[in-house]
1. Can you tell me which residues in segment 142-159 are over 14 Å from residue 99 (Cα atoms) and crowded, with 22+ Cβ neighbours inside 10 Å?
2. Would you confirm whether any residue within segment 78-100 is among the hydrophobic types (A, V, I, L, M, F, W, C), touching an Asp or Glu at 6+ places or on another chain (Cβ under 6 Å) and under 19 Å from residue 187 (Cβ atoms)?
3. Can you find a residue that is part of a loop (DSSP other than H, G, I, E, B), surrounded by fewer than 18 Cβ atoms within 10 Å (Cβ to Cβ) and at positive phi anywhere in segment 25-33?
4. Kindly evaluate residue 140 against the criterion of being at pLDDT 95 or above, more than 15 Å from residue 178 (Cβ to Cβ), assigned by TED's automatic domain parsing to the domain that holds residue 62 and basic (Lys, Arg).
5. Is it the case that some residue within segment 104-112 is closer than 23 Å to residue 74 by Cβ, assigned to a strand (DSSP E or B) and within 11 Å of the chain's Cα centre (by Cα)?
6. Looking at residue 36 and the list (1) touching a Leu at 6+ places or on another chain (Cβ under 8 Å); (2) under 15 Å from residue 123 (Cα atoms); (3) not aromatic (Phe, Trp, Tyr), which single condition is not satisfied?
7. Let me confirm something: among 124, 115, 132, which residue is among the aliphatic types (A, V, I, L, M) and surrounded by fewer than 24 Cβ atoms within 10 Å (Cβ to Cβ)?
8. Would you be able to tell me the number of residues in segment 160-204 that are assigned to a loop (DSSP other than H, G, I, E, B), buried (at least 20 other Cβ atoms within 10 Å of the Cβ) and at pLDDT below 90?
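The values are calculated or read from the model by the stated rules, or taken from the named source; none is laboratory data. Quick caveat, the model's predicted, so the values are computed rather than measured. Cβ atoms come from the backbone with ideal geometry, glycine included; neighbour counts cover every protein chain shown.
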Amino acid sequence: MVGFAPSVLIGGPAAVAPLLQGLRVGCSGDDAVDVAGDARPLLVGCTLMARKVGLRAYERARPSLRHITLSSCGAQGLLLQERAAAALDRCTISGCGEEGAVAAGEAQAELAGCVVERCGGPAVDASGQAYVRLTGCDLRGCVGGLWMWDAAVAHVEGTRVASDGSYAVLMDSRASSTSGGGNHVDGLAFVAEADGAPAPCKLAAAAAAAAAASSAARDGAAADGEWREGRGKGAGAGGGAAGACLVQAGMLPPDARAAAAAFPPEVEPFVFKPSPFRV
């Protein structure tokens with residue numbers, strides 16, 4: 001579709017629950033699919049491409065996506081706002097200009113068996129009071145892995161979090177997380193401190209595995225800059241007791257150093273220099 005409106009707009013009460021299957025939806029001027037109201041569409045085996053967002057849901061919309069590809073979007077692949085919630089099962093988000101998947105406000109995003117790759121911003125970004133659940137996902141090759149702002153909450157299980165050129169994990173001082181075990185964090189992690197005091201159960205105090213890769217490898221704790229969560233007893237394929245933070249200081253390789261880092265400078269609201277993602 002050519003124009004400055006979404007190619008597909010679905011809205012209305014919860015009874016509005018259409019099935020979109022095997023479609024290829026594109027938009028050269030706006031979003032591919034927008035979902036509003038209390039609508040509950042099911043998308044199966046579709047490909048979404050857009051100048052702006054692949055799929056945007058807002059108000060109290062509840063879209064479900066199965067085997068969906070959101071690719072080459074100018075902004076985000078998935079954008080959830082207000083009280084929207086989306087469940088993604090074995091979906092791929094790739095090659096988007098900004099973030100891969102975003103949950104803002106009080107939105108909820110549940111990704112299972114999904115791949116988020118090669119995006120110009122973080123693979124998954126949550127802000128406000130949003131909730132994100134990642135199960136068996138692979139976040140790779142994006143400028144940032146899992147970024148959490150404000151009072152956002154994440155539960156991560158059996159997931160690989162990596163980054164290309166920025167923090168694999170970046171967390172605001174009020175954000176929090178739990179882990180179901182079996183996670184791999186490949187790269188640096190940075191967590192903001194509130195008034196110099198650690199916040200409870202955060203993704204990382206400073207998991208500088210990449211900076212300590214050589215010494216960690218010598219000690220047999222890690223190799224090639226990869227840090228594996230929760231060696232030893234615990235739940236999940238990679239260890240790490242269920243309910244623990246995704247990364248904890250006590251789990252770091254023996255010679256890991258704290259990452260002395262700061263948030264990128266904000267020159268005006270939501271404008272960072274030199275880059276909003278490469279910090």
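1. Those that are over 14 Å from residue 99 (Cα atoms) and crowded, with 22+ Cβ neighbours inside 10 Å: 152, 154, 156, 157, 159.
2. No, because not a single residue in segment 78-100 is among the hydrophobic types (A, V, I, L, M, F, W, C), touching an Asp or Glu at 6+ places or on another chain (Cβ under 6 Å) and under 19 Å from residue 187 (Cβ atoms).
3. Taking every residue of segment 25-33 in turn, none turns out to be part of a loop (DSSP other than H, G, I, E, B), surrounded by fewer than 18 Cβ atoms within 10 Å (Cβ to Cβ) and at positive phi.
4. yes
5. Checking segment 104-112: at least one residue is closer than 23 Å to residue 74 by Cβ, assigned to a strand (DSSP E or B) and within 11 Å of the chain's Cα centre (by Cα).
6. Here residue 36 clears every test but (2).
7. Answer to the selection: 115.
8. 9
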